[in-house]
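Colleague: So that we are looking at the same thing, I have put the structure below in structure tokens.
The values are calculated or read from the model by the stated rules, or taken from the named source; none is laboratory data. Bear in mind the structure is a predicted one, so any value in this text is a computation, not a measurement. Please note: Cβ atoms are built from the backbone with ideal geometry, for glycine as well, and neighbour counts cover all protein chains shown. What goes into the accessible areas is simple: the full protein's heavy atoms, side chains included, and nothing from ligands, DNA or RNA. Shrake-Rupley method; radii C 1.70, N 1.55, O 1.52, S 1.80 Å.
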Amino acid sequence: IPIIADIHFDYRLALMALEAGVDGLRLNPGNISEPKRVRAIAQAAKERNVPIRIGVNAGSLPKTANPKLTIAQRMVDAALEQIRLLESLDFDLIKVSLKAFDVPTTIEAYQSIAEKIPYPLHIGITEAGTPRTGIIRSVAGISTLLYMGIGDTIRVSLTAHPREEVIAGYEILKSLNLRQHGPILASCPSCGRAEVDIVKLAETVEEQLIKINKPIKVAVMGCVVNGPG
Ligand code: SF4
């Protein structure tokens, strides 16, 4: 698994991470933006052919951002400024992310930057919350962008074990037919015709399916009415 070092505040940590052999860097232009420091990182990354993700977060925008602009515009501006700096150093192993908690803000920012730059976009909704609501916010943002053809890699950010983020991420990709990964479970919502405890049965089957890697489809139905056909 590639190791990506997510660096904030101290540019020397980025240099140390590169020295240690990381496969990728994330820099936050909200807290590492001084040209001299970014140049030092870019130079070291270029020597090692290591890509840099310019990871803008709505919660930590540069203090110099124009307050008259929308948050989405400020996010785009922060990314473009650092992109220009890296390009001036002939560094083009660039990825970009523009994450916010607010879904429409995130979508606006990604739509805007997708029209302006040729670099891959890492998409996600940041600080999305606990699985109950965070998965829904993430699906709303990530799926909308992917359906518009925007986004090259995804991250689901949940206040939960990272395993839950990976499961949710795969489910998003599977739902859009973008990736096959393990089984797909269909289960009915249950009704008065159910002949079994469908909730319990579906949960038991889901638990068992985690152990299977094959891309099979499994249906758990309460009666014969809406069988898989
Ligand atoms: S499959 Fe049967 S039990 Fe399930 S919702 Fe449909 S009619 Fe009800």
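Colleague: Among Ser157, Ser138, which is in a loop (DSSP other than H, G, I, E, B), away from the ligand (no atom under 16 Å from the Cβ) and crowded, with 17+ Cβ neighbours inside 10 Å?
Modeller: Ser157 is the lone residue from the list that is in a loop (DSSP other than H, G, I, E, B), away from the ligand (no atom under 16 Å from the Cβ) and crowded, with 17+ Cβ neighbours inside 10 Å.
Colleague: Here's something else I'd like to know. Take Ala186 and tell me if it is among the hydrophobic types (A, V, I, L, M, F, W, C) and touching a helix residue (DSSP H, G or I) at 6+ places or on another chain (Cβ under 7 Å).
Modeller: Answer is no for this residue.
Colleague: Further question: Hey, Lys200 hits all of (1) near the ligand (Cβ under 10 Å from one of its atoms); (2) under 25 Å from Ala168 (Cβ atoms) but one; which does it fall short on?
Modeller: (1)
Colleague: In the range 205-229, which residue that is under 24 Å from Gly192 (Cβ atoms) and either open to solvent by 100 Å² or more (accessible area, probe 1.4 Å) or more than 16 Å from the ligand (Cβ to nearest atom) (or both) is modelled with the lowest pLDDT?
Modeller: So, considering only residues that are under 24 Å from Gly192 (Cβ atoms) and either open to solvent by 100 Å² or more (accessible area, probe 1.4 Å) or more than 16 Å from the ligand (Cβ to nearest atom) (or both), the one modelled with the lowest pLDDT is Gly229.
Colleague: Is it fair to say Phe101 is open to solvent by 70 Å² or more (accessible area, probe 1.4 Å), in contact (Cβ under 8 Å) with a residue 24 or more places away in the chain, part of a loop (DSSP other than H, G, I, E, B) and in the same structural domain as Gly129 (by TED's automatic domain parsing)?
Modeller: Yes; evaluated as a whole, the condition is true for this residue.
Colleague: Okay, moving on. Considering the range 46-98 alone, what residues qualify as being crowded, with 20+ Cβ neighbours inside 10 Å and among the polar types (S, T, N, Q)?
Modeller: Asn57, Gln82, Ser97
Colleague: Exactly one of (1) within 16 Å of the ligand (Cβ to nearest atom); (2) in contact with a Lys or Arg (Cβ under 6 Å, 6 or more places away or on another chain) is unmet by Ser190. Its number?
Modeller: (2)
Colleague: Still on this model: Need pairs with beta-carbon distance below 7 Å; first residue under 15 Å from Ile117 (Cα atoms) and within the range 67-86, second among the β-branched types (Val, Ile, Thr) and in a helix (DSSP H, G or I); sequence gap 6+ or separate chains.
Modeller: From residues that are under 15 Å from Ile117 (Cα atoms), the pairs are Val76/Ile113; Ala79/Ile113; Gln82/Val38; Leu85/Val38.
Colleague: Touching a helix residue (DSSP H, G or I) at 6+ places or on another chain (Cβ under 6 Å), in a helix (DSSP H, G or I) and either closer than 17 Å to Gly124 by Cα or open to solvent by less than 90 Å² (accessible area, probe 1.4 Å) (or both), is that true of Ala17?
Modeller: In short, no.
Colleague: Hey, can you tell me all the residues within the range 34-86 that are in a loop (DSSP other than H, G, I, E, B) and of a type in the set (A, V, I, L, M, F, W, C)?
Modeller: If the condition is that a residue be in a loop (DSSP other than H, G, I, E, B) and of a type in the set (A, V, I, L, M, F, W, C), then Val50, Leu61, Ala65, Leu69 are the ones that fit.
Colleague: Have a look at Ile94, Ile125 and point out the one that is among the β-branched types (Val, Ile, Thr) and within 30 Å of Leu185 (Cα to Cα).
Modeller: Being among the β-branched types (Val, Ile, Thr) and within 30 Å of Leu185 (Cα to Cα) holds for just one of Ile94, Ile125, which is Ile125.
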